[in-house]
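Notes follow once the structure below has been shown.
The values are calculated or read from the model by the stated rules, or taken from the named source; none is laboratory data. It should be emphasised that the depicted structure is a prediction, and the values quoted were computed from it without experimental measurement. Ideal geometry is used to build each Cβ from the backbone, glycine not excepted, and the neighbour counts take in all protein chains shown.
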Amino acid sequence: GQQVQQSPASLVLQEGENAELQCNFSTSLNSMQWFYQRPGGSLVSLFYNPSGTKHSGRLTSTTVIKERRSSLHISSSQTTDSGTYLCALELNYNQGKLIFGQGTKLSIKP
Amino acid sequence: NAGVIQTPRHKVTGKGQEATLWCEPISGHSAVFWYRQTIVQGLEFLTYFRNQAPIDDSGMPKERFSAQMPNQSHSTLKIQSTQPQDSAVYLCASSSFLDRLSGNTLYFGEGSRLIVV
């Protein structure tokens with residue numbers, strides 16, 4: 001079965017609303033990463049977050065290993081936040097091989 | 001820093017032909033990864049190299065796909081006898097294992113879009 005499950009698959013919000021994206025994994029992990037992908041664009045790393053909470057501007061990532069989940073919170077969303085957000089699980093520490101979720105497609109309406 | 005460079009950006013090839021994709025990792029990065037992205041399957045791991053040595057090719061279709069890293073500045077992914085189901089965006093990424101604080105953050109190229117007709 002899939003080792004990494006993301007939810008929701010898609011999310012439509014009005015500008016200014018907060019977005020909460022979830023990533024659940026079915027195996028023990030060594031690290032979790034979040035990426036952003038614009039349509040037709042490359043993947044950009046947002047967070048490397050093996051555990052705990054990290055902040056970057058309006059973005060917050062929280063990984064709770066015991067509960068096998070990681071979340072990405074976007075506050076005061078903007079239209080430029082639209083795109084696909086992917087979480088990726090690193091199974092063996094320091095190997096770098098990532099298993100990706102299917103992504104959450106976020107659309108922010110003006 | 002130019003980032004990870006992939007060529008060609010787009011390639012259309014006929015069924016049965018060979019396709020070779022190139023990747024130039026970020027200078028100084030010791031690991032290179034290849035992924036394939038399709039709408040149906042999402043991002044799939046193919047293979048990766050560390051210090052030019054093949055480490056894990058568990059995601060590579062066994063018969064027609066091969067990858068090499070002849071030197072630290074480039075890697076190639078070759079698909080022989082291409083089939084329509086090989087159509088995808090092939091993404092290359094590199095990382096440095098020296099930065100323990102940021103971990104093994106992957107830096108992706110723009111991808112090579114392969115269309116097999």
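Quick look at the values:
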item	result
B:P70 vs. criteria surrounded by fewer than 16 Cβ atoms within 10 Å (Cβ to Cβ) and part of a strand (DSSP E or B)	yes
Positions within the range B:1-25 being over 17 Å from A:G41 (Cα atoms) and either among the small types (G, A, S) or modelled with pLDDT under 95 (or both), in sequence order	B:N1, B:G14, B:G16, B:A19
Filter result (over 20 Å from A:K109 (Cβ atoms) and out of contact with any strand residue (DSSP E or B) (no Cβ under 7 Å at 6 or more places or on another chain)) within the range A:57-79	A:G57, A:V64, A:I65, A:K66, A:E67
Residue within the range A:72-92 that is away from chain B (no Cβ under 14 Å) and touching a His at 6+ places or on another chain (Cβ under 6 Å) present	no
Residue list for the range A:43-71, filter: surrounded by fewer than 18 Cβ atoms within 10 Å (Cβ to Cβ), within 14 Å of chain B (Cβ to nearest Cβ) and modelled with pLDDT under 90	A:P50, A:S51
Every residue from the range A:72-81 that is surrounded by fewer than 18 Cβ atoms within 10 Å (Cβ to Cβ) and free of Cβ contacts under 8 Å to residues at least 60 places away in the same chain	A:H73, A:S75, A:T80
Residues of the range B:33-62 satisfying the condition of being within 10 Å of chain A (Cβ to nearest Cβ) and either part of a strand (DSSP E or B) or modelled with pLDDT of 95 or more (or both)	B:F33, B:Y35, B:Q37, B:G42, B:L43, B:E44, B:F45, B:T47, B:Y48, B:R50, B:I55, B:D56
Criterion violated by B:T82 - all others in (1) within 20 Å of A:G41 (Cβ to Cβ); (2) surrounded by 14 or more Cβ atoms within 10 Å (Cβ to Cβ); (3) at pLDDT 95 or above satisfied	(1)
Members of the range A:88-110 found to be modelled with pLDDT under 95 and part of a strand (DSSP E or B), listed by number	A:A88, A:L89, A:E90, A:L98, A:I99, A:F100
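Matching residues to (1) of a type in the set (V, I, T); (2) more than 19 Å from B:W34 (Cα to Cα); (3) outside any loop (DSSP other than H, G, I, E, B):
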| residue | (1), (2), (3) |
| --- | --- |
| A:V12 | yes, yes, yes |
| A:W34 | no, no, yes |
| A:P39 | no, yes, no |
| A:T60 | yes, yes, yes |
